[in-house]
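First up is the structure itself, then whatever we jot down about it.
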Amino acid sequence: MKTVRTKKSLSRLSRSWHEAGQSVALVPTMGYLHEGHLSLVRLARKKADRVVVSVFVNPTQFGPNEDFAKYPRDEKRDFALLAAEGVDAVFAPTPQEMYGADATVRVVESSLSKTMCGAFRPIHFSGVMTVVLKLFNASRCDVAVFGEKDAQQLSVIRRMVRDLDVPVKIVGAPLVREADGLARSSRNVYLSEGERARALSLSAGLDKAREDWLRGNESAARAVATVRKAIGKKADKIDYVVAVDPDTLEPVAKLERGTLVAVAAWFGSTRLIDNHFLRR
Ligand code: AMP
């Protein structure tokens with residue numbers, strides 16, 4: 001596995017693969033890897049001849065009072081995990097390498113990125129789209145894999161690619177959970193034992209809403225109420241519970257196959273997200 005630190009050397013490497021007739025898949029991550037990330041890597045392997053994983057805690061997607069400085073990092077462990085997966089290259093630039101000091105351009109989206117997490121994290125998706133577009137350009141990838149864990153991010157990226165004619169195929173990968181149902185997240189390390197136990201109410205609530213739908217409930221309002229009730233006082237604060245169309249992120253009245261039921265809530269000082277795409 002090659003370790004690449006500059007955009008230029010990543011572009012050069014990718015060009016050499018393309019010249020040899022090989023396609024390239026990119027898996028963007030912020031590191032501190034877990035099984036969720038590794039499942040994306042395995043899917044990327046099936047989608048292209050070469051796999052690049054980026055490990056970059058992107059400063060522009062964190063608000064001023066968010067956890068950029070304390071976001072968990074362990075480059076050595078990450079690289080070992082990726083090498084064991086047969087990844088071709090890991091791209092781990094510094095913020096200075098990624099962004100020029102006087103950069104003034106950002107990608108802005110005016111609808112999907114404003115609801116749900118966007119309502120609570122106003123600059124987040126602009127930072128995400130900007131870094132993702134830059135990673136696409138540096139890696140010259142043909143395919144990029146994103147997790148359904150970050151369902152809104154996936155929708156926003158799909159919209160960016162559609163609206164800006166970005167020549168990259170976007171692949172979504174299923175959400176990976178712990179054995180007890182907690183959605184895997186690098187941020188789970190922040191949780192105390194008690195907070196972690198309370199956080200299981202997210203997946204429990206979503207499971208209940210899904211089972212209810214499987215039994216015939218078509219009311220989105222009822223699904224939202226079911227999730228809210230299961231969380232109850234277990235969360236310290238609920239940012240939102242919604243049932244939305246995954247393409248537009250607009251609330252739906254009637255649940256359908258593919259409807260996204262999503263939640264964001266706080267446990268102590270940790271904000272967690274979770275979701276179900278309704279499927280049989
Ligand atoms: P992050 O490092 O948190 O920015 O995540 C990098 C990529 O991994 C994103 O596309 C996430 O959606 C995806 N990801 C993170 N956690 C999970 C999970 N539990 N299941 C599936 N994908 C995940």
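A few points about this structure:
- The Cβ shell under 9 Å around residue 187 holds other residues with a net charge of 0, Lys and Arg each +1, Asp and Glu each -1.
- Neighbourhood charge, 12 Å Cβ-Cβ cut-off, centred on residue 218 and excluding it, Lys, Arg +1 and Asp, Glu -1: +2
- Residues of type lysines that residue 233 reaches as a straight line, Cα spacing below 21 Å, ignoring anything fewer than 8 places off in the same chain: 208
- When all protein chains stay in place and ligands, DNA and RNA are ignored, the 1.4 Å accessible-area order of 94, 226, largest first, is 94, 226.
- The dipole here belongs to the stretch 186-275: it is taken about the Cα centre, uses +1 on the Cβ of Lys and Arg and -1 on the Cβ of Asp and Glu, and is about 360 debye.
- With a cut-off of 13 Å on the backbone N, the residues of the stretch 82-114 near the modelled label site 7 Å out from residue 250 along Cα-Cβ are 111-112.
- Shape category assigned to the stretch 124-280 from the gyration tensor of Cα positions, a/c cut at 1.5: oblate
- Dipole magnitude of the chain, debye to nearest 20 (Cβ charges: Lys/Arg +1, Asp/Glu -1, about Cα centre): 180
- Rounded to the nearest 10 Å², the accessible area of residue 47 at probe 1.4 Å: 90
- Working value for the stretch 186-275: equivalent-ellipsoid semi-axes of 24, 13, 10 Å, each the square root of 5 times a Cα gyration tensor eigenvalue, largest first.
- In straight-distance terms, cross-link reach from residue 2 covers every one of the lysines whose alpha-carbon lies under 17 Å from its own, apart from those fewer than eight places away in the same chain; here that gives 76.
- In loop segments of the stretch 1-83 as defined by DSSP, the GluC sites (Glu not before Pro) with at most 15 further C-beta atoms inside 10 Å of their C-beta are 66.
- The listed residues 105, 143, once ranked by accessible area (1.4 Å probe) with the largest placed first, stand as 105, 143.
- Within-15-Å neighbourhood charge of residue 37 [Cβ basis; K, R +1; D, E -1]: 0
- Loop-located trypsin sites (Lys or Arg not before Pro) across the stretch 206-250 with a Cβ neighbour count of 13 or fewer within 10 Å are 215, 233, with loop assigned by DSSP.
- The chain, accessible area per residue, ligands and nucleic acids excluded (1.4 Å, Å²): 47
- Subset of 46/234; 47/234; 7/46 violating a 29 Å alpha-carbon distance limit: 46/234; 47/234
The values are calculated or read from the model by the stated rules, or taken from the named source; none is laboratory data. Computed from a predicted model, the values in this text were never measured in an experiment. For neighbour counting, all protein chains shown are included, and Cβ atoms are generated from backbone atoms with ideal geometry for every residue, glycine included. Keep in mind that these areas ignore ligands, DNA and RNA; they rest on the heavy atoms of the full protein, side chains included. Shrake-Rupley method; radii C 1.70, N 1.55, O 1.52, S 1.80 Å.
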